[in-house]
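The values are calculated or read from the model by the stated rules, or taken from the named source; none is laboratory data. Note that this is a predicted model, so its numbers are computed, not measured. Note that each Cβ is placed from the backbone with ideal geometry, even for glycine, and that neighbours are counted across all protein chains shown.
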Amino acid sequence: MTKSNQDFRSFGVEENRKIRPEECNQSLFPLADSRRSDLFPVIFAKEIVDAIKRHGDSNQNHEVCGVLVGDLFSDDKGHYLSIKFSIEGKHASHNLSQVTFTPKTWEHIQSTMDLHYVSHKIVGWYHTHPGFGIFLSRMDCFIHENFFNLPWQVAYVYDPISKADGLFVWNSDKLEQQKYLVPEDSQSIRRESKHVDWKSARRSMLLNDVSGESKLPQIKKNKLSITGMHKKIMSAATDFTSFIRSKLPKNSNASDD
């Protein structure tokens, strides 16, 4: 079973129930304060809820599963979770009333995280209950307690027969059902949640912390390098200079009488 750089398989349930400040990005809550009624608000992008439901609707004879991907944030009023992506649990072992993450499932999840979501976290999991309602069975609780036991990791359940769904979050050492928030414009949670304190980031770039690791956000490999960007800027400047010169009147070679 492949283990992510994020320790989502950590055991020791009790000691993981407190969110650590270093786990959170700093960003203002992107929705109206009136919608922040729960102790630990969870914002769920609508297109991801829809994608999960499509996954469940396409397999109504047995349970399916996957993981939830997003980020953990905090502001002066507390912590909140933003779920922005999902990864289907391919190669899972399943039947009508049970689903199991296999080693191949974790390998698929890890490779997808590394390829597409390297700067995000696995913030929970989802699975379906075809025709038998919204709850967490003993096996569901076992999966959550052993693979998703960090205090900010959640479980989403969908019944493709009744179309009911529900979200479960940690409350101390217990899993409790809680409503989730879906913004009218799901793209807004992505824009808001990508807030970066560039002043601090620049300072960290110049004066790396004690560990020697920069605090700048991780840049994807397919981004232009600094050298590549410099070449493009210089090329554009040359083209612009040539354009300006072409518009200037040419000097006359005729001598004055």
Open item on the list: Could you tell me how many of the residues in the range 97-147 are among the aromatic types (Phe, Trp, Tyr), in contact (Cβ under 8 Å) with a residue 12 or more places away in the chain and under 17 Å from residue 168 (Cα atoms)?
Closed with: 5
Open item on the list: Need pairs with beta-carbon distance below 7 Å; first residue closer than 12 Å to residue 78 by Cβ and within the range 27-55, second of a type in the set (A, V, I, L, M, F, W, C) and in a loop (DSSP other than H, G, I, E, B); sequence gap 6+ or separate chains.
Closed with: 36/29
Task: strands (runs of 3 or more DSSP E) contained entirely in the range 40-145, each with at least 1 residues that are at negative phi and touching a Ser or Thr at 6+ places or on another chain (Cβ under 6 Å) - done: 42-44, 65-75, 78-88, 93-95, 98-100
Task: Restricting the range 111-145 to residues that are among the polar types (S, T, N, Q) and surrounded by fewer than 20 Cβ atoms within 10 Å (Cβ to Cβ), the residue that is farthest from residue 20 (Cα to Cα) - done: 137
- [ ] Within the range 107-123, identify whether any single residue is at pLDDT 95 or above and over 23 Å from residue 45 (Cα atoms), and answer yes or no.
- [x] yes
TODO: Among the residues of the range 146-181, count how many are part of a loop (DSSP other than H, G, I, E, B), out of contact with any Ser or Thr (no Cβ under 8 Å at 6 or more places or on another chain) and farther than 19 Å from residue 18 by Cα.
DONE: 6
- [ ] Please determine, by comparing only the residues of the range 56-100 that are in contact with an Asp or Glu (Cβ under 6 Å, 6 or more places away or on another chain), modelled with pLDDT of 95 or more and of a type outside the set (S, T, N, Q), which one is surrounded by the most Cβ atoms within 10 Å (Cβ to Cβ).
- [x] 66
TODO: Hey, could you check the range 70-125 for residues that are closer than 24 Å to residue 179 by Cβ and either small (Gly, Ala, Ser) or not assigned by TED's automatic domain parsing to the domain that holds residue 169 (or both) and say which is farthest from the chain's Cα centre (by Cα)?
DONE: 78
